[in-house]
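See below for the structure under consideration.
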Amino acid sequence: MKDIANTYDYIIAGMGCAGLSLAVRISLSGKLKDKKILLVDKEEKNKNDRTWCFWENQPGLFDNIVYQKWERLLFHSEDLSREMSISPYLYKMIRGIDFYRYSLDIIQQDTSFDIHYGEVCEMGNESGKAYALIDGKTIRASLIFSSIQLQKPALKKKEHYLLQHFKGWVINTRDAVFDPGVATLMDFRVPQEQGTTFVYVMPFDTHRALVEYTLFSEALLEPAHYDKGLKNYIEKHLQLQAFEIEEEEFGIIPMTNHRFRQREGNIINIGTAGGFTKGSSGYTFWFIQEFTQQLVTGLLNNSIKDLSFFSKKHHFYDSVLLNVLATGKVKGSKIFTSLFRKNSSSDILRFLNNDGNLRSDLSIISSMPFLPFLRAGAVEIFNSVLLQHDYRRKD
């Protein structure tokens, strides 16, 4: 690792999904070779610490490292079991370690980049440039792209903030018990006392699968509760008494309608810190790919003024669902059961990717429990007026 300079054209702070995706897209563009770019993170990315699942209806930039993909998905609740083809989409999984290795291999061959492992303690703007305090040294740049959230955002009174928290086991079984052609997207046949709770099962082959216990709630659980939930599900629904745990993962994703500051002077926030995570579902990977490509296009055109990644319409949709989930007006299991009972898989996936048309959006909305969503919608319209007023005063 070479010594870092005092000044760069760009600093990419954070080497997670957003930072590395942006760096890879800059490198592969081949048109910013005259720029000096610093990529910084507090630790090396050498562990398989997470997986990303998403759906696409065309080849993506990271298809070479897709670990598994599925054409069929299962949904289960106490009232509905449905297996569905998701054509024209494919549901894809990328392992963290594969993503890190693939991305860093590309970046390390590009002489435009310096990579540094150190602590980013502070970021700000000064004299027309951005700066980052890294291991006590001030480094300046024309732009900083940061996925590092130095503190939790200060929420407005009417904003919602839930946590999507999950623990997963990659299990290996002696007998061939899994169908690698079908993944379980959501299984709500688990206790719901702690909040909206479901399990998903991603088979890799007939013997191995990722089983993930997931909740939407305001607070985390005691560590033993996740293990108990996983064990009970595996024994009851997968009917397995003996299995080996090969890997474990744990994660927390914010689910919020907070309007993240996407630009502060010459600092551009990316990833979850920039609001790239879909507020009502926690899905992030696909949106990061969309938005980092927009950023690179803006850099190539020397214009990145428009950073309105989520439309007002989709922000409103997210706010309404979060309102219903946060207030407990309708159980999450009932909401998603209605969604999967009454809509085609392609319409559901388009809607969750913010890519639906008016017809499919109306179909999705009309399938929701009517009165609770109508009331939540009215509340969120009123709240949005108040919040816009507050934001304008602050800005």
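The values are calculated or read from the model by the stated rules, or taken from the named source; none is laboratory data. If you're wondering where the values come from, they're calculated on a predicted model, not measured in any experiment. Positions of Cβ are backbone-derived with ideal geometry, glycine not excepted, and every protein chain shown enters the neighbour counts. Quick note on the areas: whole protein, heavy atoms, side chains included, nothing else; ligands and nucleic acids left out. Shrake-Rupley method; radii C 1.70, N 1.55, O 1.52, S 1.80 Å.
Identify all residues within region 113-144 that are touching a residue at least 60 places away in the same chain (Cβ under 8 Å) and closer than 20 Å to Lys45 by Cα; write none if there are none.
Phe113, Asp114, Ile115, His116, Tyr117, Gly118, Glu119, Val120, Ile134
Exactly one condition in (1) in contact with a Lys or Arg (Cβ under 9 Å, 6 or more places away or on another chain); (2) over 26 Å from Arg95 (Cβ atoms); (3) buried (at least 16 other Cβ atoms within 10 Å of the Cβ); (4) of a type in the set (A, V, I, L, M, F, W, C) is false for Ile268; which is it?
The single condition Ile268 does not satisfy is (1).
One line per residue, one yes/no per condition, for (1) among the hydroxyl-bearing types (Ser, Thr, Tyr); (2) in contact with a Cys (Cβ under 7 Å, 6 or more places away or on another chain); (3) open to solvent by less than 40 Å² (accessible area, probe 1.4 Å); (4) outside any loop (DSSP other than H, G, I, E, B):
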{"site": "Ile4", "(1), (2), (3), (4)": "no, no, yes, no"}
{"site": "Asp9", "(1), (2), (3), (4)": "no, no, no, yes"}
{"site": "Leu39", "(1), (2), (3), (4)": "no, no, yes, yes"}
{"site": "Leu73", "(1), (2), (3), (4)": "no, no, yes, yes"}
{"site": "Ser87", "(1), (2), (3), (4)": "yes, no, no, no"}
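Residues being open to solvent by less than 30 Å² (accessible area, probe 1.4 Å) and polar (S, T, N, Q): count how many of those fall in region 102-118.
The number of residues fulfilling the criteria is 2.
Restricting to region 368-395, and then to whatever is over 17 Å from Asn323 (Cα atoms) and surrounded by 11 or more Cβ atoms within 10 Å (Cβ to Cβ), can you tell me which residue is modelled with the lowest pLDDT?
It comes out as Tyr391.
Tally time: how many residues in region 203-244 are loosely packed, with under 15 Cβ neighbours inside 10 Å and in a strand (DSSP E or B)?
1
Here is a list of conditions, (1) assigned to a helix (DSSP H, G or I); (2) surrounded by fewer than 19 Cβ atoms within 10 Å (Cβ to Cβ), and Phe99 meets all of them except one; can you say which number that is?
(2)
Does at least one position in region 329-343 carry a residue that is over 23 Å from Gly195 (Cα atoms) and touching a residue at least 12 places away in the same chain (Cβ under 8 Å)?
Yes, some residue in region 329-343 is over 23 Å from Gly195 (Cα atoms) and touching a residue at least 12 places away in the same chain (Cβ under 8 Å).
Quick test of your reading of the structure: Asn48 fulfils all but one of (1) open to solvent by 30 Å² or more (accessible area, probe 1.4 Å); (2) within 30 Å of Asp9 (Cβ to Cβ); (3) part of a loop (DSSP other than H, G, I, E, B); (4) in contact with a strand residue (DSSP E or B) (Cβ under 9 Å, 6 or more places away or on another chain). Name the failing condition by number.
So the condition that Asn48 fails would be (2).
Looking only at region 11-35, filter to residues that are among the basic types (Lys, Arg) and either free of Cβ contacts under 8 Å to residues at least 40 places away in the same chain or outside any helix (DSSP H, G or I) (or both); which one of those is nearest to Asp105 (Cα to Cα)?
Only one residue tops the list, namely Lys33.
Given the conditions (1) at pLDDT 90 or above; (2) part of a helix (DSSP H, G or I), which single one is not true for His315?
That leaves (1) as the condition not met.
If I filter region 130-162 down to residues being open to solvent by less than 30 Å² (accessible area, probe 1.4 Å), assigned to a strand (DSSP E or B) and not β-branched (Val, Ile, Thr), which single residue comes out as nearest to Tyr213 (Cα to Cα)?
The residue in question is Leu162.
Here are Val182, Val177: which of them is within 30 Å of Ser345 (Cβ to Cβ), in contact with a strand residue (DSSP E or B) (Cβ under 8 Å, 6 or more places away or on another chain) and in contact (Cβ under 8 Å) with a residue 24 or more places away in the chain?
After ruling out the rest, the residue left standing is Val182.
Checking His258 against (1) at pLDDT 95 or above; (2) over 16 Å from Phe178 (Cβ atoms): exactly one of these is not met. Which one?
Failing condition for His258: (1).
Restricting to region 322-365, and then to whatever is among the charged types (D, E, K, R) and under 21 Å from the mean Cα position of the chain (by Cα), can you tell me which residue is least open to solvent (accessible area, probe 1.4 Å)?
Applying the filter and picking the extreme gives Asp347.
Can you tell me which residue in region 176-202 is nearest to Glu246 (Cα to Cα), limited to those that are among the small types (Gly, Ala, Ser) and open to solvent by 10 Å² or more (accessible area, probe 1.4 Å)?
The selected residue is Ala176.
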